[in-house]
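Only one structure is covered here, and it is reproduced in the block below.
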Amino acid sequence: MINKKSSVTLSVVSHLQQQLVGELLDDLEKYAKDDISVTLTVNVDEALTFKTLDYTFPIHIIRNAHPKGFGANHNQAFTFCDTPYFCIINPDIRLLTSPFSILISELEKHSAALIGPKVINPEGGVEDSVRKFPTPLYILKKIAYTRKIPDYPTDSTIINPDWVGGMFMLFKSEKFKAIGGFDERYFLYYEDVDICRSLHEVEHSIIYSPNTSVIHEARRSSHKSIKYLKWHLKSMLLFFIKWTLMRHFRTSP
């Protein structure tokens, strides 16, 4: 199932996204086949549009009997990880080169637990994939300002952001395991924010590197859905309540 020679286990979750998964696997075969193994979770029953034997890296497939949330799926995939690095990667990520050797080198150099690459859109623009932790005032400002201003500079140097986006997160496996992975109370949204907050709580650093990039072919149709808006608001509320209570209990006599 897992290639002992690989250094990174990639966790990919498909929710009726087999075409995108096939394109991602093609990129991985072209640029990163010697570094990786893949655990693919089929979250909703669908036929594969590709053959796993067409790829030279190991692919382990999990088919869920019932759909799971983002965090639960990746936690489940982690149980099959026996490599030193564990990577969360969306099906709509595309590669122009392998980012893994650079990211692993910088993870080790900076003794960090998690790293994110520069994320660009298909037109070449840099996405807002590194941010400060949200607060109610922060969110109100984001809504009010029509001109979106990035929280951090993303083009020049390695930085230590509050959190990196969940479309691509490369962890040291031991650090992911030490904090128990993702909080599965989140079904969708804020899992990436929350796990980064958990890492900061135990003084594990997070870094962002502009020295390698991935392309994010984001599908935005969910932004118009009331169901997804409710999930977003529920996750936001859970994040604020959870970490407000954490601060309260730490400061209580």
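Worth pointing out:
- Flag for LEU96 being among the aliphatic types (A, V, I, L, M) and closer than 26 Å to LEU233 by Cα: no
- Verdict on ARG197 being under 23 Å from GLN76 (Cα atoms), out of contact with any His (no Cβ under 9 Å at 6 or more places or on another chain) and basic (Lys, Arg): yes
- Among residues of the range 6-52 being touching a strand residue (DSSP E or B) at 6+ places or on another chain (Cβ under 7 Å), free of Cβ contacts under 8 Å to residues at least 40 places away in the same chain and among the hydroxyl-bearing types (Ser, Thr, Tyr), the one that is nearest to GLU217 (Cα to Cα) is THR41.
- Residue within the range 99-106 that is in contact with a Phe, Trp or Tyr (Cβ under 7 Å, 6 or more places away or on another chain) and closer than 27 Å to SER209 by Cα present: yes
- All positions within the range 197-231 that are at pLDDT 85 or above and closer than 17 Å to LYS118 by Cα: ILE206, ILE207, TYR208, SER209, PRO210, ASN211, THR212, SER213, VAL214, ILE215, HIS216, GLU217
- Helices (runs of 4 or more DSSP H) fully within the range 54-163 that include at least 1 residues being of a type in the set (Asp, Glu): 100-109.
- Per-region count, the range 76-101, residues among the β-branched types (Val, Ile, Thr) and surrounded by 16 or more Cβ atoms within 10 Å (Cβ to Cβ): 4
- Screening GLY71 on (1) modelled with pLDDT under 95; (2) under 16 Å from the mean Cα position of the chain (by Cα) shows it passes everything except condition (1).
- Flag if GLY166 is crowded, with 22+ Cβ neighbours inside 10 Å and of a type in the set (Gly, Ala, Ser): yes
- Inside the range 232-253, residues that are modelled with pLDDT under 85 and either within 13 Å of TYR189 (Cβ to Cβ) or exposed (fewer than 11 other Cβ atoms within 10 Å of the Cβ) (or both) make up a count of 9.
- Those residues of the range 205-219 which are crowded, with 19+ Cβ neighbours inside 10 Å and either farther than 22 Å from ALA32 by Cβ or of a type in the set (Lys, Arg) (or both), in sequence order: ILE206
- Unmet requirement for LEU24, which otherwise passes all of (1) among the aliphatic types (A, V, I, L, M); (2) closer than 19 Å to ILE93 by Cβ; (3) in a loop (DSSP other than H, G, I, E, B): (3)
- Filter pass, ILE149 being β-branched (Val, Ile, Thr) and closer than 26 Å to SER101 by Cβ: no
- Residue check: ASN64 meets all listed conditions (1) at pLDDT below 95; (2) farther than 22 Å from SER98 by Cα but one, namely (1).
- Positions within the range 53-77 being under 21 Å from ILE195 (Cα atoms), touching a strand residue (DSSP E or B) at 6+ places or on another chain (Cβ under 6 Å) and of a type in the set (A, V, I, L, M, F, W, C), in sequence order: ALA77
- Considered as a group, the residues in the range 172-204 that are of a type in the set (Lys, Arg) and farther than 18 Å from MET246 by Cα include one that is surrounded by the fewest Cβ atoms within 10 Å (Cβ to Cβ), and that residue is LYS177.
- Filter result for the condition that a residue is at negative phi and surrounded by 14 or more Cβ atoms within 10 Å (Cβ to Cβ), over ASN121, ASN73: ASN73
- Residues that are of a type in the set (Gly, Ala, Ser) and within 13 Å of PHE86 (Cα to Cα), drawn from the range 101-120: ALA113, GLY116
- Test: residue in the range 80-91 that is under 27 Å from GLU203 (Cβ atoms) and of a type in the set (D, E, K, R): yes
The values are calculated or read from the model by the stated rules, or taken from the named source; none is laboratory data. Predicted model only: the values in this text are computed from it and were never measured. Methodologically, a virtual Cβ is constructed for each residue, glycine included, from the backbone with ideal geometry; neighbour enumeration extends over all protein chains shown.
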